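The values are calculated or read from the model by the stated rules, or taken from the named source; none is laboratory data. Because the structure is a prediction, the values reported are computed rather than measured. Here the Cβ positions follow ideal geometry from the backbone for every residue, glycine too, while neighbour counts run over all protein chains shown.
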Amino acid sequence: MSGYVPEPWHWMAAGVVLAVLEVVLPGAALVWLGGAAFVVGLVAFVVPLGLNAQLGLFAVLAVVALGIAFYLRRRGKLDTPEIAVNRGAARFVGTRATLDQPIVDGAGRMHLGDTVWAIKGPDLPAGSHVVVVGMEGSTLVVIQA
């Protein structure tokens, strides 16, 4: 393989493969390396580069891209928003609501979201404003707001 110089499309294909691998291995920063490889391919289309120049450019771009990724992650810009799926009643902690039924003897029911939840808290009449402060199993714990 003496004198082998990758074609620009090799770099671009590697970039696409790395970006696709990011889906399989999320958080591995492969998309950033894929971006660096893709840029090397674009540059190689415009400027003929030897193997050493292509590898050097990839190394520099990879370091810069990973530096940007780590900076953004540290600043919280790459964090994914918290998803409420499969969190059960815990997703309602901190939610304010109005009781449509009274709490009697410390127990009641309340419509929240698309479900009627069992609730536990101080005796309160219907129409009272409450805040969900916790949960016990699938029962919401509320206090008067």
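Here are a few things to note about the model shown:
- Pairs are defined by a Cβ separation below 8 Å, a sequence spacing of at least 6 or placement on different chains, a first member in the range 46-67 that is in contact (Cβ under 8 Å) with a residue 24 or more places away in the chain, and a second member that is among the hydroxyl-bearing types (Ser, Thr, Tyr); the pairs so defined are Leu51/Tyr4.
- Qualifying residues in the range 17-27 (those that are surrounded by 15 or more Cβ atoms within 10 Å (Cβ to Cβ) and not charged (D, E, K, R)) - the one nearest to Phe58 (Cα to Cα): Leu18
- The range 99-118, subset out of contact with any strand residue (DSSP E or B) (no Cβ under 9 Å at 6 or more places or on another chain) and not in a strand (DSSP E or B), residue surrounded by the most Cβ atoms within 10 Å (Cβ to Cβ): Gly113
- Selection count, the range 23-37, where residues are part of a helix (DSSP H, G or I) and more than 15 Å from Ile68 (Cβ to Cβ): 3
- Qualifying residue in the range 14-37 (condition: modelled with pLDDT under 90, within 30 Å of Gln144 (Cβ to Cβ) and touching a helix residue (DSSP H, G or I) at 6+ places or on another chain (Cβ under 9 Å)): no
- Condition check for Ala69: among the small types (Gly, Ala, Ser) and modelled with pLDDT of 90 or more: no
- Residue count for the range 1-13, restricted to those that are touching a helix residue (DSSP H, G or I) at 6+ places or on another chain (Cβ under 7 Å) and outside any helix (DSSP H, G or I): 3
- For the range 101-116, residues that are modelled with pLDDT of 90 or more and within 21 Å of Arg91 (Cα to Cα) total 4.
- Test result for Gly121, surrounded by 12 or more Cβ atoms within 10 Å (Cβ to Cβ), at pLDDT 90 or above and either within 30 Å of Tyr4 (Cα to Cα) or basic (Lys, Arg) (or both): no
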